[in-house]
Amino acid sequence: QHPYRSTLYTGASLWDFTGDMRPWGEWVKRQILAIQLIDYILRGVAQVMFVNNSLSGLLIVGGLFLQNPWWALNGLLGTAISTVSAIALRQNRDAVSAGLHGYNGSLVGILMAVFSAKGDWYPWLFIPNVLLSMLCPVVSSALSAITSKWDVPIFTLPFNILICLHISATGAAHPFFPQVCCQFQEIPIINFSSIITFTTVFLSVPVGVGQVFGCDNPWTGGVILLALLLCSPTICFHAILGSIAGLCTGLALAAPPADVYSGLWGYNSVLSCIAIGGVFYALTWQTHILALTCAFFCAYVSSATSKLMSVLSLPACTWPFCLSTLIFLLLSSENPALCRLPLAAVSYPEENRRYLRQLKAWGRGRAQSSIQEATEGMKVEIYIYRSISVSRSPSACLLVYLMRRCIRLKSSQWETQEPVTLPDMCGSSSTPEGEGARRVKGTELRKCDYFDWS
């Protein structure tokens, strides 16, 4: 236990700032609401990447300001409004403190600025930003009532719904809030061998990670990867793996090079690979293969979704990620290595793996305890069995017979001894051939269940 003070946090280890920063979170709970709100907002920004770490959120915000300060400001505003609305609606406080009611507002604010045709520093954009961010916890709560039946998360479905509603309601010709055109254009056949270079391929990997927030700056993507590494190396690794999977799929499908190298083929695969690779599934090598498969599948879904949504002049957003990841989370398998965790137990991958090991250890201990209880129970049955007086009462005969039948079910733990001659319940002194007294840990059981029912 590290010492805490009312106004200053003092930690003895750098590990307190990795993972979900639990010691820091406990300290924040005792502070004023303003400090708590700052922590909630930073965690909300980081939760876009399934990271519950306020320091990682601070690094991501720095990366957003490196890309575009106007986008970063709108993202922070959307996160703050969404979080405050969740508090006002009395949503689960643990979910609010973990940033689960802020990440959709963050994406709404950033992407609203990205898709705005008015450019940067258009102050009237704050109006729809505030209104839609206020609706994020409402839509999230409604969708959670549906998805909770299958114990799956809502992901970014509220963001997808609200941003598509906004773009559909305004369009490209709106006088106050015009949107950029999202029409799909056929690209002529291009000689890719003259375009593919090591530099462009290498830089497209961090760009694919940054495109989760709509950023095409490789330095922003690098800062986001550093934020993920601070929280969980496993999440950082799967983010890189998902971006590579999207890049390879785009090149294999002969997608326009501008789209491939700008990360538009990678960001959905990044989110899918992170979600399956250790966040909602326990971390095993089979989970790695499943996460990579989901990333490739998500890239194919992205290609199809982009063309379908462009007919309505709408962006693909993160619809492919939600669809593909929900399919893989609802997968039914008897393989014990593919263990999907309950939502109440989901944390970062390393903690999920520790939780699974503790669960298995608890199960083994429970099984050993059950065996010991069963053994003790058999002893009690034997003692009761021997304490029954040898009478001619039919009820006593029936009780002894039923207990004998129960004990026979556990005969694997008994040792058969030589036959002995004992008087039965009806006075007979003969013992059936092949039968004998049985012992459990040195306790002798008398054979007295052979009697004439007539």
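The values are calculated or read from the model by the stated rules, or taken from the named source; none is laboratory data. Keep in mind it's a predicted model, so treat the numbers as computed, not measured. We place every Cβ from the backbone using ideal geometry, glycine too, and count neighbours over all the protein chains shown. We work out accessible area using only protein heavy atoms, side chains counted, and drop any ligands, DNA or RNA first. Shrake-Rupley method; radii C 1.70, N 1.55, O 1.52, S 1.80 Å.
Odds and ends about this structure:
- When a 1.4 Å probe is rolled over the protein heavy atoms, the share of accessible surface on the stretch 84-161 that falls to carbon and sulfur comes to 68 percent.
- Shape of the stretch 12-148 from the C-alpha gyration tensor: oblate (a/c of 1.5 or more and a/b not above b/c, with a ≥ b ≥ c the square roots of its eigenvalues).
- Overall form of the stretch 113-163 per C-alpha gyration tensor (a/c, 1.5; a/b vs b/c): prolate
- At most 15 other Cβ within 10 Å, DSSP loop - chymotrypsin sites (Phe, Trp or Tyr not before Pro), the stretch 146-179: W150, F176
- In a DSSP loop and with at most 10 other Cβ atoms within 10 Å, the trypsin sites (Lys or Arg not before Pro) in the stretch 43-127 are R90.
- A straight chain from V311 to A254 at 0.36 nm per residue would run longer than the Cα-Cα distance by 18.5 nm.
- Theoretical FRET efficiency, 1/(1+(r/R0)^6), r = Cβ-Cβ of I127 and R366, R0 56 Å, to 0.05: 0.45
- If the segment from N335 to A304 were pulled out straight at 0.36 nm per residue, it would be longer than the present Cα-Cα gap by 8.1 nm.
- Taking the alpha carbon gyration tensor of the stretch 81-139, multiplying each eigenvalue by 5 and rooting it gives semi-axes of 24, 10, 8 Å, largest first.
- Accessible area expressed per residue, the stretch 85-144, with surrounding protein chains retained (probe 1.4 Å, Å²): 44
- Overall, the anisotropy analysis places the stretch 274-363 in the prolate class: the square-rooted eigenvalues a ≥ b ≥ c of its C-alpha gyration tensor yield a/c not less than 1.5, with a/b exceeding b/c.
- Separation of the stretch 289-363 from the stretch 68-107 is 23 Å, based on Cα centroids.
- Expressed as a whole percent, the accessible area of the stretch 252-292 that falls on carbon and sulfur atoms is 75 (1.4 Å probe).
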